[in-house]
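Take a look at the structure below.
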Amino acid sequence: MKYKNTLAFAQQLDQEDSLAYLRNQFHIPKDKDGNNWLYFTGNSLGLQPKATQKYIQQELDDWANLGVEGHFEAQNPWIRYHEYLTDKMAKIVGAKPIEVVVMNTLTTNLHVLMVSFYRPTKTKYKIVIESDAFPSDRYAVQSQLKFHGFSEDDVIEWKPRKGEELLNIDDLEEIVHKQGEEIAMLLIGGVNYYTGQFLDLKRIAEIGHSKGCMVGIDLAHGAGNVQPNLHDAGVDFAAWCTYKYLNSGPGSLSGVFVHEKHAKNKDLPRFAGWWNHNKATRFNMRQPFDVMEGAEGWQLSNPPILSMAAIKASLDVFDEIGMEALRQKSEKLTGYFEFLIHEMDSEDIKIITPKNPKERGCQLSIQVKNADKRLHQKLTEKHIITDWREPNVIRCAPVPMYTTFEDVYQMVSILSSILSKLNEV
Ligand SMILES: *Cc1c(COP(=O)(O)O)cnc(C)c1O
């Protein structure tokens, strides 16, 4: 097996990789001397497709040349711009087109969706989140509780067992079994941002629904990374951003999923604006509010076209290759990364991400005993861009779209030499 731990073998894997050509379609950041960074933070901000500029330029030109007429006369008329994204986005998350829309930003969408799906009563009002939930999600549910007159402490945390890092779904089942009468909603990160654990969404939905709880999924670390099959999973709603694995630019818009079973329920309480009003009569401007069916029925505003153009550029790449091929490469690339880290044979290093490729995406979270932020600084000095989480975890995402096997090889050999030097001191 040793020969696999060589630069030559990594380069051979790149040569055999049928998706290797994709890297050339992205801008890879470089240091001052023109060397490519080893970029492992596509889980935080995905790299820019070279095509993005052209897509945005098209809209800038149409705006310059057409002004307001661009709504109807632009090459891609703005009035329906979000529709150009729907089918491709639906494929990425395993949904039907009626279940998906791109609108607003992620945390905003969590709130907009909770207006409809967090409907607490005096006795059934608590919210379950995972204990390592992304801070924004925690703040969002706490503020929803307070908004409805409850306390922040009415959040129930699904925690890893003592001494463990990962969540065990049996524990969620027990929480819901015991306290389900008081729980109104589960809001769970489908792929945990910290550990990279990809949870069984179908089982989460079944557990929640067994006690009449609504089930929402934050898919920020899942969309474009794993295949969440949202429709079949049967969750009620989901939301995700497009600037992580979906490569659509800093602060870009969010995708939303509302399960088909809610598509025609016009009685669901919700906020309204002109963009969830019936398209056919929207511009009469006088009709009584007439809400659209499906996920489009949660839109409020006419959307930012420049940001959507960047999403369109990115989704076209995803659509060309498909999630299945991307996932195949991803499992291989992350598997190789994991293999090389094990080859380091260091007692100080532990991967906290699940070993089973079906329970993770591309990210590996590497815990380094006795390390501190200096390790992260040393990596950065060597042009390896990773994400540091206190107290001692490096999150690394070899994104299959633009990361090579050679990148992964180089990363591990540099990490290994930094660690051996740190240990000498
Ligand atoms: C990235 C991320 C966010 C960020 O939310 P914004 O509203 O886009 O700033 C929220 N939740 C999770 C789980 C994330 O991974």
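In this rough spin-label picture, where each label sits 7 Å from Cα along the Cβ direction, the Asp345-Tyr3 distance is 2.0 nm. The charge dipole of segment 271-346, taken about its Cα centre with unit charges on the Cβ atoms of Lys, Arg (+1), Asp and Glu (-1) only, comes to about 580 debye.
Give the distance, in whole Å, between the Cα centre of segment 361-401 and the Cα centre of segment 1-58. Each part's Cα centre sits 18 Å from the other's. Counting only protein heavy atoms and a 1.4 Å probe, the chain has 45 square angstrom of accessible area per residue. Given +1 at the Cβ of Lys and Arg, -1 at the Cβ of Asp and Glu and no other charges, the dipole of the chain around its Cα centre is 360 debye to the nearest 20. Between His148 and Ser131, the modelled labels are 2.4 nm apart [label points 7 Å from Cα along Cα→Cβ]. For the pair Glu381 and Glu320, a Förster radius of 45 Å applied to the C-beta separation gives a FRET efficiency near 0.80, rounded to the nearest 0.05. Take 146-157, 328-339 and order them by the average number of nearby Cβ atoms within 10 Å per residue, most first; the result is 328-339, 146-157.
Across segment 148-157, coupling constants 3J(HN,Hα) worked out from phi with the 6.51/-1.76/1.60 Karplus curve, θ = phi - 60°, read 8, x, 9, 10, 3, 6, 7, 7, 9, 9 Hz, and Gly and Pro carry x.
Protein heavy-atom surface of the chain, 1.4 angstrom probe: 50% of the accessible area is carbon and sulfur, with nucleic acids and ligands not counted. Size of the chain: Rg and Dmax of its alpha carbons, in Å, are 22.6, 75.
Nearest 0.05, what FRET efficiency do Lys202 and Leu66 give at R0 = 51 Å with Cβ-Cβ as r?
The formula returns an efficiency of 0.65 here.
If R0 is 51 Å, the Cβ-Cβ spacing of Glu390 and Asn265 corresponds to a FRET efficiency of close to 0.70. Which distance in Å, rounded to a whole number, links the C-alpha centroids of segment 113-139 and segment 145-182? After rounding, the separation between the Cα centres reads 10 Å.
Residue-normalised convex hull volume from the C-alpha trace of segment 134-280: 148 Å³ per residue. Approximating the spin labels as points 7 Å out from Cα along Cα→Cβ, the Leu422-to-Ala51 distance works out to 4.0 nm. Lysine pairs in segment 296-377 whose alpha-carbon atoms fall under 29 angstrom of each other, counting only those eight or more residues apart or on distinct chains, come to 16.
The values are calculated or read from the model by the stated rules, or taken from the named source; none is laboratory data. Being a predicted model, the structure only gives us computed values, none of them experimental. Neighbour counts run over all protein chains shown; Cβ positions are idealised from the backbone, glycine included. Side chains included, ligands, DNA and RNA excluded: accessible areas come from the protein's heavy atoms. Shrake-Rupley method; radii C 1.70, N 1.55, O 1.52, S 1.80 Å.
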